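**Q** Got a structure for you, questions after.
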Amino acid sequence: MLQRPLKVAIHKLTSCSGCQLAFINQGPKLLKLLEFVEFTHFIEAGLFAPDQEVDVALIEGSVSTHDDLKRLVNARQRAKLLVSIGACATSGGVQALRNMADDKENWKRAVYAHPEFIEELQDCTAVATHVKVDFELWGCPVTQQQVTECLRQLHAGVKPKDNAEKLCMECKRQGNVCVLITQQAPCLGPVVRTGCGALCPSFGKACYGCFGPSEQPNCESLTNRMTGFGLMPNDIVHRFAAIHSQSPPYQQQIARWRLQDLEGSD
Amino acid sequence: MSREIKLNVPFITRVEGEGALQLSAKGDEIESLQLQIFEPPRLFERFLQGKPHTDVADLSARICGICPMAYQLTSILAMESLFEIELPDHIVDLRLLMNLGEWLQSHALHIHFLAMPDFYGYDSAVQMAAKHGDLLTRGMQIQEAGNTLMRLLGGRSVHPIGLQVGGFAALPDKGAWQHARQLVNDAIPAAIQLLQWTAELPIPDHSQDFTYVSLLGEDSYPINGGNIACSNGLTITAQQYPQHFKEHHVSHSTALYSLVDGQDYLVGPLARVNNNYRTIPEHIRHLAEQCGLEFPNMNMFTSIQARALECLWALFEAQQMLQYDVPKGQAHVPYKVREGECSFCTEAPRGLIFHHYELEQDGTVAKCTIIPPTSQNQARIEQDLKQSVKQYGLHHSDNELKLFCEQVIRNYDPCISCSTHFLDFTITRQ
């Protein structure tokens, strides 16, 4: 148990800034958090000290440029513990969809008149691809509860407990009507990690996988079932090629159903 | 004696995302000034190609964590116009209610976390908590009212999940509706205090002649529909946007610069208030005028007052809708997908957003263009800086100049995630 506030730096790499809002959106609870957390570096909130030594570095965003990588390596060196927060940091996020393209150079050209002005790495990757990560908080976005619980446990000197349970379990506990069974909706709940509060199914909508793969995801079986609902191989590819396209279990399904799609069109 | 200035602010803090500023001056003349936006490119317009139209709202939300709904709704409204979907009134109203929530949380965040420390001499709102907890608490109350409206209709405030083509995934339940009503009612006195507080701020006069652009409200303040009005006299539909607004790419920025008929321009709260002040209900205008606020005006430093005014307007609008029972009826209407092109503009908290889609027969995205507010403001911010820095005076110290420039930039509430990152300030004095 630390007798002083936990020194925390928040670094942003390639991202939408939405996970940092898990702090700024807390309302009066933020004042409570400040009782045991001292932010040293948090650019959006006005604090700039990337080189200060800290207890915990929270990393939002994926590594997509040389500059991202440089800053990540620096953040790692200055921190006792490093926690990646959000889909971008844990698996690359939506911008990592470019990794799947066969014609990456043309992608830049499609958006920018002068692609030569745009400096970026070949692929857009998760934080753990480059440095040692002590803990990961999954989610797009991460929730206030996730970040607060994690920091509270780290302040208490305890390694945070991971919860990779399937979303289905939470959804069942809430008593939602199963959209997969009753609507034959392509819900990813059976292979997605819990954490969002089963939001989409509680709105009567299929989960689209913001929180990434759960423990032991049986994607093979789920996608087979989806074909039974009338989904074409390419539809299944799109279900997985979204927020966490670079996580290995989803990557496998993308490859598998892309191949089916190609074979089907021959 | 003339001194040579080379100022370099490597990271502009308290903006959404990250950007840098380089200023080079000789004596009293600015030689060059560049707002550099180096938010890494994420290529949304490209990866949306080939996606089913039903995936666009959930993916485009990820452009920005602060105004995700604006991106979702603009894409949805564009497609609904193509599919000729007629929405029942309660869905139209609920979407407006959610828009109000997004404006409230975004404006409250900007005023209290990003702008306020400038007026009290702090680096960060976090450091203000001990001494000015009451001001922060007031801001958080308004922010929470906004977030609650977004959760009511979208499940969560960052990357909400409720919106879809044809309506909502589900309508809100009674308990959540009443809770939102309570928070909105309670936040109104806080927003009145906020408006009064902004009226007392030491606002410098850096009025400039500039062009401003926003949606135009016929009889109500515009948020998610209507024509585009430009202060140069141009009034056009969203479909005509590409004929007048052109983007270009410069080497020092990953955000594209946008010009209207060759001219830089402003979008955002001050542009909206200037174009639509007459549509704000009289009791709110009366209060603003009693406080001594004057709109329309051409001083970007009053944008914080425009934001506060919009907060109060949004809360009164939300209160009116929430006083009725929770709407019943269909959550969404069925529709037929059609091939073709569609465009739409809405007002994100930071200003006008333009979306254009080309859809294939089965609804697959063939092409899309998304123009966020900050890339539209970028050229204007540079022009503003060039004029206001000279007016402020280059004789000020590097640190004073840096703070002044940062404040000028923050007046635009740039959301750099959709275009850039933090401010790295470089000044070169020669």
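**Q** Restricting to region A:76-110, what's the tally of residues that are part of a helix (DSSP H, G or I), touching a Leu at 6+ places or on another chain (Cβ under 9 Å), of a type outside the set (S, T, N, Q) and away from every other protein chain (no Cβ under 14 Å)?
**A** 1
**Q** Among the residues of region B:118-144, which ones are more than 9 Å from chain A (Cβ to nearest Cβ), open to solvent by less than 40 Å² (accessible area, probe 1.4 Å) and not in a helix (DSSP H, G or I)?
**A** B:His132
**Q** For region B:40-87, what are the residues that are out of contact with any Gly (no Cβ under 8 Å at 6 or more places or on another chain), within 7 Å of another protein chain (Cβ to nearest Cβ) and modelled with pLDDT under 95?
**A** B:Pro40, B:Pro41, B:Arg42, B:Leu43, B:Glu45, B:Arg46, B:Phe47, B:Ile63
**Q** List the pairs whose first member sits in region A:79-92 and is under 9 Å from A:Trp138 (Cα atoms) and in contact (Cβ under 8 Å) with a residue 40 or more places away in the chain, whose second member is among the acidic types (Asp, Glu) and open to solvent by 10 Å² or more (accessible area, probe 1.4 Å), and whose Cβ atoms are under 7 Å apart, counting only residues at least 6 apart or on separate chains?
**A** Taking only residues 6 or more apart or on different chains, the pairs are A:Ser84/A:Glu136; A:Thr90/A:Glu136.
**Q** While we're looking at this one, here's another question. When the residues of region A:146-184 are narrowed to those that are farther than 17 Å from A:Leu33 by Cα and within 17 Å of the chain's Cα centre (by Cα), which ends up least open to solvent (accessible area, probe 1.4 Å)?
**A** A:Leu167
**Q** While we're on this one: Filter region B:271-305 for residues that are part of a helix (DSSP H, G or I) and of a type in the set (Asp, Glu); which is most open to solvent (accessible area, probe 1.4 Å)?
**A** Filtering first and then ranking leaves B:Glu282.
**Q** Within region B:232-255, count every residue that is open to solvent by less than 30 Å² (accessible area, probe 1.4 Å) and either in contact (Cβ under 8 Å) with a residue 12 or more places away in the chain or under 29 Å from B:Glu317 (Cβ atoms) (or both).
**A** The total comes to 7.
**Q** Additional query: When you check A:Ile43 against the structure, is it under 25 Å from B:Ala115 (Cβ atoms) and at pLDDT 95 or above, yes or no?
**A** no
**Q** In this structure, is A:Gln252 surrounded by 23 or more Cβ atoms within 10 Å (Cβ to Cβ) and either among the acidic types (Asp, Glu) or touching a residue at least 12 places away in the same chain (Cβ under 8 Å) (or both)?
**A** No, not satisfied.
**Q** If you scan region A:1-23, which residues turn out to be modelled with pLDDT under 90 and not in a loop (DSSP other than H, G, I, E, B)?
**A** Passing the criteria: none in range.
**Q** On to the next question. Which pairs turn up if I take residues in region A:22-47 that are more than 9 Å from chain B (Cβ to nearest Cβ) and look for partners that are at pLDDT below 90 and not in a helix (DSSP H, G or I) with beta carbon separation below 6 Å, at least 6 apart in sequence or on another chain?
**A** If the second residue must be at pLDDT below 90 and not in a helix (DSSP H, G or I), the pairs left are A:His41/A:Leu47.
**Q** Out of all the residues in region B:77-93, which are surrounded by fewer than 24 Cβ atoms within 10 Å (Cβ to Cβ), among the aliphatic types (A, V, I, L, M) and touching a helix residue (DSSP H, G or I) at 6+ places or on another chain (Cβ under 8 Å)?
**A** If the condition is that a residue be surrounded by fewer than 24 Cβ atoms within 10 Å (Cβ to Cβ), among the aliphatic types (A, V, I, L, M) and touching a helix residue (DSSP H, G or I) at 6+ places or on another chain (Cβ under 8 Å), then B:Leu87 is the only one that fits.
**Q** In region B:322-354, what residues are farther than 21 Å from B:Asn276 by Cα, surrounded by 19 or more Cβ atoms within 10 Å (Cβ to Cβ) and touching a Pro at 6+ places or on another chain (Cβ under 9 Å)?
**A** B:Ser343
**Q** Scanning region B:397-413 for residues that are assigned to a helix (DSSP H, G or I) and free of Cβ contacts under 8 Å to residues at least 60 places away in the same chain, which turns out surrounded by the most Cβ atoms within 10 Å (Cβ to Cβ)?
**A** Checking each candidate, the answer is B:Phe404.
**Q** Continuing with the same structure: Hand me the list of strands (runs of 3 or more DSSP E) wholly inside region B:199-248 holding 2 or more residues that are modelled with pLDDT of 95 or more.
**A** B:211-215, B:228-230
**Q** Next question, about the same structure. Which count do you get for residues in region B:1-20 that are open to solvent by less than 60 Å² (accessible area, probe 1.4 Å), away from every other protein chain (no Cβ under 14 Å) and modelled with pLDDT of 70 or more?
**A** Within region B:1-20, residues that are open to solvent by less than 60 Å² (accessible area, probe 1.4 Å), away from every other protein chain (no Cβ under 14 Å) and modelled with pLDDT of 70 or more number 1.
**Q** Here's something else I'd like to know. Being assigned to a helix (DSSP H, G or I), within 10 Å of another protein chain (Cβ to nearest Cβ), under 23 Å from A:Cys140 (Cβ atoms) and within 19 Å of the chain's Cα centre (by Cα), is that true of even one residue in region A:52-70?
**A** Yes, the conditions are met somewhere in region A:52-70.
**Q** Looking only at region B:344-385, how many residues end up being among the small types (Gly, Ala, Ser) and closer than 22 Å to B:Leu100 by Cα?
**A** 2
**Q** So B:Tyr357 clears everything in (1) open to solvent by 30 Å² or more (accessible area, probe 1.4 Å); (2) among the aromatic types (Phe, Trp, Tyr); (3) over 18 Å from the mean Cα position of the chain (by Cα) except one condition, right? Which one?
**A** It is condition (1) that B:Tyr357 fails.
**Q** Among the residues in region A:111-124, are any closer than 30 Å to A:Gly197 by Cβ, outside any helix (DSSP H, G or I) and at pLDDT 95 or above?
**A** no
**Q** Next question. Filter region A:13-39 down to the residues that are open to solvent by 10 Å² or more (accessible area, probe 1.4 Å) and under 16 Å from A:Gln52 (Cβ atoms) and list them by number.
**A** A:Glu38, A:Phe39, listed by residue number.
**Q** Which of the residues belonging to region A:197-219 are more than 10 Å from every other protein chain (Cβ to nearest Cβ) and of a type in the set (S, T, N, Q)?
**A** A:Ser214, A:Gln216, A:Asn218
The values are calculated or read from the model by the stated rules, or taken from the named source; none is laboratory data. All of these numbers come straight from a predicted model, not from anything done at the bench. Cβ: placed from backbone, ideal geometry, glycine included. Neighbour counts: every protein chain shown. We work out accessible area using only protein heavy atoms, side chains counted, and drop any ligands, DNA or RNA first. Shrake-Rupley method; radii C 1.70, N 1.55, O 1.52, S 1.80 Å.
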